[in-house]
Amino acid sequence: MHNSDTGKTLLVLGGSGLVGLEVLRQALADPQISRVVAPTRRPLPAAVNHYAHLDNPQIDFDSLPEDADWWHCDAVICALGTTRKRAGSREAFRAVDRGYVSNCARLARRAGTRTFVLNSSLGASPRSGSFYLRVKGEVEQELGAMGFPSLSLVRPSLLDGDRSENRPGELVGLLVSRAFKPVMPKRLQAVKASDVAATLLQAAITALTGRHVIESNAIVRHR
Ligand SMILES: NC(=O)c1ccc[n+]([C@@H]2O[C@H](COP(=O)([O-])OP(=O)(O)OC[C@H]3O[C@@H](n4cnc5c(N)ncnc54)[C@H](OP(=O)(O)O)[C@@H]3O)[C@@H](O)[C@H]2O)c1
């Protein structure tokens, strides 16, 4: 991704999702960012798709456009992921949350991108007893082996935000989290998608050298 401006160039994966769309909103309004590319499988909503410095190529994540110039950017922010229910099986879930993420990261790294920021999850670990958290841990580990000079792994608890899709399990979790917020440890409290997005964007812009894990309680909360 080449740009004559002095601002940063960003590649956003999962830009049509709850967190990804919020990353786009914030990045597109940020004067430090000069160009954003957000490849998705379906066009982004008009609410963000009118910015001149946003490109929204429609791609097939099973057949990535390896030679696209946008794999080279200042930072990748990845909020791409599915649920086991939506994917249809454990393996289909792993193919998205681990396979798609790793494949994109590898192409970005190969193109010379130095900074990668992942929206992971509270409890991510390759040794977790939960399949979901194990897959998140596996992808974190794969990213760690790719040689990004700056790698940030943001691990939010339950996400709070306006989701059109019906996810009854998450809704119950959110109601419980809201009701017990005063007595619940901060690291377990639900966190707003907009706060997660701000944390992801900040990590991408500052691009601190090394591997950084940002746990849910370190995500800055705004009113
Ligand atoms: N839900 C929670 O409480 C929670 C908590 C902690 C961490 N997380 C993690 O945070 C990340 C972001 O969550 P979110 O709620 O913002 O996700 P989301 O709203 O479900 O959005 C997911 C994004 O990934 C894309 N995607 C999913 N399956 C795809 C496929 N097969 N091919 C291409 N693109 C695909 C979606 O594109 P489409 O719009 O085309 O579907 C969308 O852009 C996820 O990795 C999730 O596991 C979630």
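If we scan the range 58-78, do we find a residue that is part of a helix (DSSP H, G or I) and surrounded by 13 or more Cβ atoms within 10 Å (Cβ to Cβ)?
Here is the first cut: in the range 58-78, the ones part of a helix (DSSP H, G or I) are 69-71.
Now narrow it down to the ones that are surrounded by 13 or more Cβ atoms within 10 Å (Cβ to Cβ): 70-71.
Yes; the residues of the range 58-78 include at least one that is part of a helix (DSSP H, G or I) and surrounded by 13 or more Cβ atoms within 10 Å (Cβ to Cβ).
In the range 154-194, the residue that is farthest from Leu80 (Cα to Cα) out of those that are touching an Asp or Glu at 6+ places or on another chain (Cβ under 9 Å) and assigned to a helix (DSSP H, G or I) is Arg178. In summary, Leu133 fulfils each of the numbered conditions (1) within 13 Å of the ligand (Cβ to nearest atom); (2) closer than 22 Å to Asp97 by Cβ; (3) loosely packed, with under 12 Cβ neighbours inside 10 Å with the single exception of condition (3).
When the range 175-201 is examined, which residues are found to be free of Cβ contacts under 8 Å to residues at least 40 places away in the same chain and within 20 Å of the chain's Cα centre (by Cα)?
Applying the first criterion (free of Cβ contacts under 8 Å to residues at least 40 places away in the same chain) to the range 175-201 yields 175-186, 189-192, 195.
The answer is Gln189, Ala190, Val191, Lys192, Asp195.
For Ala87, the requirement of being open to solvent by 20 Å² or more (accessible area, probe 1.4 Å), out of contact with any Leu (no Cβ under 6 Å at 6 or more places or on another chain) and farther than 18 Å from Ala38 by Cα is met. Can you name every residue in the range 132-150 that is in contact with a helix residue (DSSP H, G or I) (Cβ under 8 Å, 6 or more places away or on another chain) and either assigned to a helix (DSSP H, G or I) or of a type in the set (Lys, Arg) (or both)? Tyr132, Val135, Lys136, Glu138, Val139, Glu142, Leu143, listed by residue number.
Looking only at the range 26-46, residues that are touching a residue at least 24 places away in the same chain (Cβ under 8 Å) and more than 13 Å from the ligand (Cβ to nearest atom) come to 11 in all. Contact map, the range 60-77: first residue over 15 Å from Ala38 (Cβ atoms), second residue of a type in the set (Ser, Thr, Tyr) and within 16 Å of the ligand (Cβ to nearest atom), Cβ cut-off under 9 Å, separation 6 or more or different chains; pairs are Asp62/Tyr100.
Go through the range 90-127 and count every residue that is open to solvent by 50 Å² or more (accessible area, probe 1.4 Å), away from the ligand (no atom under 16 Å from the Cβ) and touching a residue at least 40 places away in the same chain (Cβ under 8 Å). Residues that pass the stated criteria total 2.
Of all the listed residues (Ala204, Ala145), the sole one being surrounded by 13 or more Cβ atoms within 10 Å (Cβ to Cβ) and of a type in the set (A, V, I, L, M, F, W, C) is Ala204.
Tell me the residue from Arg155, Arg187, Arg167 that is in contact with a strand residue (DSSP E or B) (Cβ under 7 Å, 6 or more places away or on another chain), open to solvent by less than 70 Å² (accessible area, probe 1.4 Å) and not acidic (Asp, Glu), please. So that I can check it myself, show each step before the final result.
Details: Arg187 fails: open to solvent by less than 70 Å² (accessible area, probe 1.4 Å); Arg167 fails: in contact with a strand residue (DSSP E or B) (Cβ under 7 Å, 6 or more places away or on another chain).
Being in contact with a strand residue (DSSP E or B) (Cβ under 7 Å, 6 or more places away or on another chain), open to solvent by less than 70 Å² (accessible area, probe 1.4 Å) and not acidic (Asp, Glu) holds for just one of Arg155, Arg187, Arg167, which is Arg155.
Conditions (1) within 24 Å of Gln189 (Cβ to Cβ); (2) at pLDDT 95 or above; (3) not basic (Lys, Arg), marked per residue:
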position: Val48; (1), (2), (3): no, no, yes
position: Gln58; (1), (2), (3): no, yes, yes
position: Ser89; (1), (2), (3): no, yes, yes
position: Arg114; (1), (2), (3): no, yes, no
position: Ser130; (1), (2), (3): yes, yes, yes
position: Val135; (1), (2), (3): yes, yes, yes
position: Leu143; (1), (2), (3): no, yes, yes
position: Ser150; (1), (2), (3): no, yes, yes
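Within the range 153-171, residues that are more than 20 Å from Lys186 (Cα to Cα) and among the acidic types (Asp, Glu) sit with their Cβ atoms under 9 Å from residues that are open to solvent by 50 Å² or more (accessible area, probe 1.4 Å) and within 9 Å of the ligand (Cβ to nearest atom), at 6+ positions apart or across chains, in these pairs: Glu165/Arg86. Residues in the range 1-21 that are open to solvent by 40 Å² or more (accessible area, probe 1.4 Å) and either out of contact with any strand residue (DSSP E or B) (no Cβ under 7 Å at 6 or more places or on another chain) or more than 10 Å from the ligand (Cβ to nearest atom) (or both) were compared, and the one that is modelled with the lowest pLDDT is Ser4.
The values are calculated or read from the model by the stated rules, or taken from the named source; none is laboratory data. Quick caveat: nothing in here was measured; it's all calculated off a predicted structure. Cβ: placed from backbone, ideal geometry, glycine included. Neighbour counts: every protein chain shown. Remember, those area values only see protein heavy atoms, side chains included, never the ligands or the DNA or RNA. Shrake-Rupley method; radii C 1.70, N 1.55, O 1.52, S 1.80 Å.
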